[in-house]
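What follows is calculated from the coordinates using simple rules that are stated; it is not laboratory data. Here the structure is a predicted model, which is why all the values come from computation and not from measurement. FYI the Cβ positions are ideal-geometry reconstructions off the backbone, even for glycines, and counts take in every protein chain you see.
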Amino acid sequence: MSDLPQYYFRIRENGAAVFRVDTENRQRRIEMDQIAVINVRNGDIKPQGDTILSEADLATIKDWLERRVALLAARDIDDIHRAVDYLNLTTQWVQSKASDEQLEDVTDALLLAMHDLRSVLVRKKADRLTKGDQAAE
């Protein structure tokens, strides 16, 4: 059982619960003691109960937090690339396969979502261009 990591991170919606893994006990059982809760959004690390986190604990937690934030960011951009694919597949479906009833069911929702997305993209693009012009001056 010595192959087990020293820490276990139980993923939660906005972070994780951190456990210290212990196999060095009389019964040779795996024991997991919760030592902290992490908030991925703001980087907060809160010790659990009376736990005092060691420098090694904090270093491991901060390393996990950094890797988790990078993973979530990569997943976000991957989801957006998939959305572009879905938009293209949806266009092909509308053009070649959709029945009138199916189109009636989705047209308004798609048009509103695409209008909203286009508006935000155009505004963000204009903001980036304006910042670029100001930086060039």
task: Report, in cubic angstrom per residue, the convex hull volume of the C-alpha atoms of the stretch 42-114.
output: 137 Å³
message: Run the reach check for residue 125 against lysines, Cα to Cα strictly under 19 Å, same-chain hits fewer than 8 apart removed. What comes back?
response: none
statement: Taking placed amide H atoms and a strict 5 Å upper bound, the residues 5 or more places from residue 35 or on another chain that come that close are 18, 19, 20
- prompt: So what is the calculated 222 nm ellipticity per residue for the chain, using -39500 (n - 2.57) for each DSSP H run with n of 4 or more, over all residues, to the nearest 500 deg cm²/dmol?
  reply: -21500 deg cm²/dmol
statement: Here the equivalent ellipsoid of the chain, derived from its Cα gyration tensor, has semi-axes (largest first, whole Å) of 47, 24, 13
statement: Plugging the Cβ-Cβ distance of residue 29 and residue 78 into 1/(1 + (r/R0)^6) at R0 = 35 Å yields, to the nearest 0.05, a FRET efficiency of 0.35
statement: Scoring the chain by relative contact order with C-alpha pairs under 8 Å, at least six apart, yields a percentage of 11 percent
statement: Per 10 angstrom bin, beginning at 0 and ending with the bin that holds the maximum distance, the Cα pairs of the stretch 72-137 fall in percents of 17, 33, 30, 15, 5, 1
- line: Between residue 3 and residue 110, Cβ-based FRET efficiency (R0 41 Å, step 0.05) works out to 0.20
field: Cα shape, the stretch 28-78, gyration tensor, a/c 1.5 rule
entry: prolate
field: the stretch 80-136 - charge dipole about Cα centre, Lys and Arg +1 at Cβ, Asp and Glu -1, debye rounded to 20
entry: 560 debye
statement: In degrees, nearest 10, the alpha-carbon axis of helix 55-96 is tilted away from the dominant principal axis of the alpha carbons of the chain by 20 degrees
- request: Measure nothing but the geometry: give the 0 to 90° angle between the long axis through the Cα atoms of 100-136 and the longest principal axis through the Cα atoms of the chain, rounded to 10°.
  value: 80 degrees
